[in-house]
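Visitor: Can you read through this structure? Questions will come right after.
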4 protein chains.
Amino acid sequence: MMFASDNAAPVAPEVMDALVRANEGYASSYGTDEIMDRVTAQVRDLFEAPEASVYLVATGTTANALSLSVLAAPWQTIFCHRQAHAEVDECGAPEFFTGGAKLTLLDGENGRIDAAAFETTLSESKWLGVHNVQQGALSITNVTELGTVYTPAEITTLATIAHDRGIGTHLDGARFVNAMVALGCTPAEMSWRAGIDVVSFGGTKNGLMGVEAVIIFDPAKAWEFELRRKRGGHLFSKHRYLSAQMEAYLTNDLWQRLAGQANNAGAYLEQQMMAATDYRPLHPRQANMLFGTWPRRAHDRAKQGGAVYEEWLGEHPKAGPADEMLASRMVCSWSTSQEEIDRFVELVKG
Amino acid sequence: MMFASDNAAPVAPEVMDALVRANEGYASSYGTDEIMDRVTAQVRDLFEAPEASVYLVATGTTANALSLSVLAAPWQTIFCHRQAHAEVDECGAPEFFTGGAKLTLLDGENGRIDAAAFETTLSESKWLGVHNVQQGALSITNVTELGTVYTPAEITTLATIAHDRGIGTHLDGARFVNAMVALGCTPAEMSWRAGIDVVSFGGTKNGLMGVEAVIIFDPAKAWEFELRRKRGGHLFSKHRYLSAQMEAYLTNDLWQRLAGQANNAGAYLEQQMMAATDYRPLHPRQANMLFGTWPRRAHDRAKQGGAVYEEWLGEHPKAGPADEMLASRMVCSWSTSQEEIDRFVELVKG
Amino acid sequence: MMFASDNAAPVAPEVMDALVRANEGYASSYGTDEIMDRVTAQVRDLFEAPEASVYLVATGTTANALSLSVLAAPWQTIFCHRQAHAEVDECGAPEFFTGGAKLTLLDGENGRIDAAAFETTLSESKWLGVHNVQQGALSITNVTELGTVYTPAEITTLATIAHDRGIGTHLDGARFVNAMVALGCTPAEMSWRAGIDVVSFGGTKNGLMGVEAVIIFDPAKAWEFELRRKRGGHLFSKHRYLSAQMEAYLTNDLWQRLAGQANNAGAYLEQQMMAATDYRPLHPRQANMLFGTWPRRAHDRAKQGGAVYEEWLGEHPKAGPADEMLASRMVCSWSTSQEEIDRFVELVKG
Amino acid sequence: MMFASDNAAPVAPEVMDALVRANEGYASSYGTDEIMDRVTAQVRDLFEAPEASVYLVATGTTANALSLSVLAAPWQTIFCHRQAHAEVDECGAPEFFTGGAKLTLLDGENGRIDAAAFETTLSESKWLGVHNVQQGALSITNVTELGTVYTPAEITTLATIAHDRGIGTHLDGARFVNAMVALGCTPAEMSWRAGIDVVSFGGTKNGLMGVEAVIIFDPAKAWEFELRRKRGGHLFSKHRYLSAQMEAYLTNDLWQRLAGQANNAGAYLEQQMMAATDYRPLHPRQANMLFGTWPRRAHDRAKQGGAVYEEWLGEHPKAGPADEMLASRMVCSWSTSQEEIDRFVELVKG
């Protein structure tokens, strides 16, 4: 009964098999392995982007920070949601990789940047001259950090505002496939067709061991990215083991299958929680993450039964009335089983 | 017949098995997995260093650059050999992670820093006041980039010079175990007992998929290292898969067995090359790397037969006399077989 | 009729005389001039801080950014007001000099950080572990960017909150003396006695040509500061010309006299504006800066008459009703004369 | 008898007068002053470069480091002489401002980069791929750090090698005018006509209080430079006082007159030293700096008489034979008088 994060889940068996298969004989190192050639072709095909540059790194923080470093200069600012992973959970990696760019925090309900707020911030007269940092990049997250999704139309709106000012756009897609499956759209519709310039295309949270692709639609940025990746220590010598994971992921729809399982588990968990207790969502659940409040007594039973999930809106006070509503973040992964949810909900019911 | 690098080799089967075993159920993420607790205990035990902090990262460049970043401030310089990996092969990663420290290059035969040259450089009167960068750290590599090893006594000499000036010391041990096996010494003798403060303890070139440990003997540096690792994108969410590799490595002497195989293959290759052709070593072969010159005609035969190794001292001129002596770097790995060497030498013989 | 900024004013004659006097014969360079010895003694005496380190730089941005760089590590955040000069007007200098620290923006009326908001921000449970940037420093500005002042008691409250968490404190005193004169307190009461660790002690806006002192009360930070100053290009070879300005400033109460003139001019300007037109202050005027709204028709007359001041709350719309209230920022300097104000107010009156 | 550095000299009276004249009334701040418009026109005219961007900063380290930051990316290296000020005397400022670029040190006699050595370094096969830092910029110093000058033809040779590889070129002209006067050439011949892209045009060592111009011949780099200057704290609010110095410098040939005085003093000092004692030049004296060895007994007499100059090739041993040859660096400035030199030489003679 582990709902703390989708990165607590194991690696999908198809991926582990691919690693074992890749472990035969010698392979050219540092990204020149043959599997990587196939991965690049897969990504270009699936994204309908025959010119895209494709790079693999091992962590989501890296994918985001390196992506932003080719979009924003040190004296620029990156616009993102106040709750963005890049702001809250990366210990300043964007600042490190960009050489000291600023992050300008935007508001918006349910983890989605409000287009009007973005427009207003950009229009403020102070963005003039050398005294301010300059407008550099927009970064959005889909699935958002609060479990909601942007539609392609919503992405297009934000990206258009950015491009109208010459600002590049980044999509933190740590849960790209969860969003894509939830929306029923194509990779292209969620990315370059909607105006995204660089994508962090996540795999680790969706069944890989530790691989994220960075997809750059503008070839002019590619060489700089390669140098930054090496300089950041993120170019793997035994790169074939990254390639093999991503190849398996993109083969036979595994990526979509795994994300579908996670999303379905999320929907089932929410439904069962609502039936079992006074569970009230804090945000619309649109993929595999649930945010909600429920009574302390049910929390107590769940935890005593060994369930693991994240306390939300600050740590829970140690004591309080039994019907006190306390918030949680719960995340389902590709490996979350119905049986596991049922056991959890039994605990909650008491 | 692959002698380009030990990082072209596959993962040792014991390590792959450990990955498969680690792939059961949920595990706590970001380095808090149970396997990591055992790895820390193993390292402390094997290094006889009960207070050591142990961290895992995925690339050697990262291990080096993060290590140096806790030893040298941005306004300091790092002393290293002119041929050091940190200088030559990391695209400026030490500069990036330290925030702009300088590397001061030292000379010395066969890839080993000359102690007198180090002393002289440190003693130059210009290291005064705010006008110069300050003396920051010493970094040595063992096995060196030219295939030789420092003895513990030689390390002690250099580290003492450094410590006498308040300069911290780093050991780039991408091939730590190859050196240790070659020297027949203990991990402690090669590191903290010889005056080393921080070790990059390599695994990737010796049969792992992509794991290096950073071992910090001074606990005061540990928390800063953790923050820098996260900020650099080098803290893995599914960290158990790094831990599992390192645990298998350090179990049942696998690390020493693999390094012994590589070193023995290196010795055998050198011996066979000398018997087969006019092979002349450029540097004493002391572990698993060979540098030498041999006739163009033999190179031609080897390459036509499909052998892969690195041209050395600049790319080989396209044409020249058949007996022209051309240099090579050849590296054996844990997986280099006698049969493979014999096939190669047959080609060389013609 | 120049009210755009106090840095549009000339250099006070006493200061210019001191420069001329300093221009005799040779002087030791890079801060080792004899005048600097006297300046250090003056500052220590006036601040009642015999151990303080005193450094001169030429711009306020430099004083702030270098000060913050010895208080906050790259992986930390600096708490400051949303309107802080360091956030809004330094093109990311704090990020640059700290090596990529973040700025966390705090709210508070009239440019003053709200102590409760600061406490709340610090207490949020997310400031844990390696995933977030760490709490690094507090920076306050006095006179604030909105023309108000913090009392010593208010500074003490904020500094105590910071120190209770091990966070260092910085005072941006670009208008330190204006605040001191307004408060009628001593330099010590406004700084170290109130819990400030490092002060940017401004001179440029108060009659110097271009000198700010950085005063560091903790001697342990001094050497690092010196290296950062040199590395940032901010150590002057002909340093005597900085020293001479600061010496003159601190001699015969010139600093207080100049600030008093500026503050009095500010008070007089506000009083006359209120008498002359429908002038409504946006913030309490407590020193030499005025923020207020007044009718478009009066703005038009003032500008046509050649008056210069800053439009506020965004640029003024080009056209609108004559009685539309439009905001301004007006700043008086040591050189603002009553005659100049009277001429301006005549224009405003129409 | 001060020969330690030309920056120990006072400000030329014409420059001080200009500062006093500039101190009238209000002036627009941050580089928008009217004097600066005239300075830009002067520089463009004198350099025959109507498109050049001209910026003023206050220190030579700043001029160099900012110039290099618009020529070299963080993952590139800057080629310079082993003795370059940027390498030896700036506490890592180039590394800081570029975001961690490397400096690759070149050899060459008498402080001048050897063109063949530069060519060889560039041609080494290792400059390939992402593993190395990339080739970024060439920086030369004229007058060199060893007191010699490059001719326009020599500069052209080096710049052509650089440009052939797409590498930009920087001239550290802290003593630009001393070199120009020594060579009898025009500013254009020493800079853009010889292939220089960005010039640090020194004033401080030649009679200004603290002003260096950065002249950028490629307008595409200008805006980035402006942002980096502000972000580095190097944009002065009361900028008119920088402009006024530079305007006076470039008016009525003052710059050339001052440099001529310094060069002539250098020639006279060398001639008199040779007549007075066993003075042996270490490098050809071509401008205002002398490097040479002379007997300990004469050093003793000079120092006891109060003369100040720099010991060279390391600090002098405290004791030794009277005829021991000890090295010195002596620098003459615009203000060095014949009488002063005569007094010094009398001491030396004994």
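The values are calculated or read from the model by the stated rules, or taken from the named source; none is laboratory data. Since the structure is predicted, the reported quantities are computational estimates derived from the model, not experimental observations. Methodologically, a virtual Cβ is constructed for each residue, glycine included, from the backbone with ideal geometry; neighbour enumeration extends over all protein chains shown. When the accessible area is computed, the model is the full protein with side chains, heavy atoms only, and any ligands, DNA or RNA have been set aside. Shrake-Rupley method; radii C 1.70, N 1.55, O 1.52, S 1.80 Å.
Visitor: Of everything in the range D:30-46, what is among the hydroxyl-bearing types (Ser, Thr, Tyr) and not in a helix (DSSP H, G or I)? Give them in sequence order.
Guide: D:TYR30, D:THR32
Visitor: Looking only at the range D:310-327, how many residues end up being of a type in the set (Gly, Ala, Ser) and in contact (Cβ under 8 Å) with a residue 40 or more places away in the chain?
Guide: Result for the range D:310-327: 1.
Visitor: If D:ALA276 satisfies every condition in (1) within 30 Å of C:LYS230 (Cβ to Cβ); (2) more than 18 Å from the chain's Cα centre (by Cα) but one, which is the exception?
Guide: Looking at each condition in turn, D:ALA276 falls short on (1).
Visitor: Pick out the one residue from C:ILE140, C:ILE78 that is in contact (Cβ under 8 Å) with a residue 24 or more places away in the chain, more than 14 Å from chain A (Cβ to nearest Cβ) and open to solvent by less than 20 Å² (accessible area, probe 1.4 Å).
Guide: From the options C:ILE140, C:ILE78, the qualifying one is C:ILE140.
Visitor: Moving to a separate point now. Go through the range C:7-29 and give me each residue that's of a type outside the set (A, V, I, L, M, F, W, C), buried (at least 16 other Cβ atoms within 10 Å of the Cβ), within 9 Å of another protein chain (Cβ to nearest Cβ) and part of a helix (DSSP H, G or I).
Guide: Selection gives C:ASN7 alone.
Visitor: Something else about it: Conditions: (1) more than 12 Å from chain B (Cβ to nearest Cβ); (2) within 28 Å of A:LEU269 (Cβ to Cβ); (3) assigned to a helix (DSSP H, G or I). A:ALA63 meets all but one. Number of the miss?
Guide: (1)
The rows are residues; the columns are (1) open to solvent by 30 Å² or more (accessible area, probe 1.4 Å); (2) part of a strand (DSSP E or B); (3) outside the structural domain of D:TYR150 (by TED's automatic domain parsing).
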residue	(1), (2), (3)
D:GLY260	no, no, yes
D:ALA275	yes, no, yes
D:ALA298	no, no, yes
D:HIS316	no, no, yes
D:SER328	no, yes, yes
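Visitor: Determine whether the range C:98-114 contains at least one residue that is within 22 Å of C:TYR55 (Cβ to Cβ) and buried (at least 24 other Cβ atoms within 10 Å of the Cβ).
Guide: Yes; the residues of the range C:98-114 include at least one that is within 22 Å of C:TYR55 (Cβ to Cβ) and buried (at least 24 other Cβ atoms within 10 Å of the Cβ).
Visitor: I'd like to know if the range A:83-97 contains one or more residues that are more than 14 Å from chain B (Cβ to nearest Cβ), open to solvent by 20 Å² or more (accessible area, probe 1.4 Å) and at pLDDT 95 or above.
Guide: Yes; the residues of the range A:83-97 include at least one that is more than 14 Å from chain B (Cβ to nearest Cβ), open to solvent by 20 Å² or more (accessible area, probe 1.4 Å) and at pLDDT 95 or above.
Visitor: So, one more: When you go through (1) touching a Gly at 6+ places or on another chain (Cβ under 8 Å); (2) more than 8 Å from chain D (Cβ to nearest Cβ); (3) under 30 Å from B:ARG228 (Cα atoms); (4) part of a helix (DSSP H, G or I) one by one for C:LEU71, which number turns out not to apply?
Guide: (4)
Visitor: Return the pairs, sorted by first residue and then second, in which the second residue is open to solvent by less than 10 Å² (accessible area, probe 1.4 Å) and outside any strand (DSSP E or B), the first residue lies in the range B:287-309 and is closer than 18 Å to B:ALA262 by Cα and hydroxyl-bearing (Ser, Thr, Tyr), the beta carbons are less than 8 Å apart, and the residues are 6+ apart or on different chains.
Guide: Sorted first by the residue in the range B:287-309, then by its partner, the pairs are B:TYR309/B:PHE3; B:TYR309/B:ALA302.
Visitor: Can we say C:THR32 is within 14 Å of chain D (Cβ to nearest Cβ), buried (at least 21 other Cβ atoms within 10 Å of the Cβ), under 28 Å from C:HIS170 (Cβ atoms) and of a type in the set (S, T, N, Q)?
Guide: Judged against the criteria, C:THR32 is not a match.
Visitor: How many of the residues making up the range C:145-180 are more than 26 Å from C:LEU290 (Cβ to Cβ), surrounded by 21 or more Cβ atoms within 10 Å (Cβ to Cβ) and among the hydroxyl-bearing types (Ser, Thr, Tyr)?
Guide: The total comes to 1.
Visitor: Additional query: Kindly establish whether B:SER67 is touching a residue at least 40 places away in the same chain (Cβ under 8 Å), hydroxyl-bearing (Ser, Thr, Tyr) and surrounded by fewer than 24 Cβ atoms within 10 Å (Cβ to Cβ).
Guide: No: the conditions fail for B:SER67.
Visitor: Against the definition (under 30 Å from B:LEU105 (Cβ atoms), at pLDDT 95 or above, outside any helix (DSSP H, G or I) and more than 8 Å from chain A (Cβ to nearest Cβ)), how does B:ALA49 come out, yes or no?
Guide: The answer is no for B:ALA49.
Visitor: Next up: In this structure, is A:VAL348 more than 27 Å from the chain's Cα centre (by Cα) and either under 14 Å from A:ASP278 (Cα atoms) or not small (Gly, Ala, Ser) (or both)?
Guide: Taking the combined requirement at face value, the residue satisfies it.
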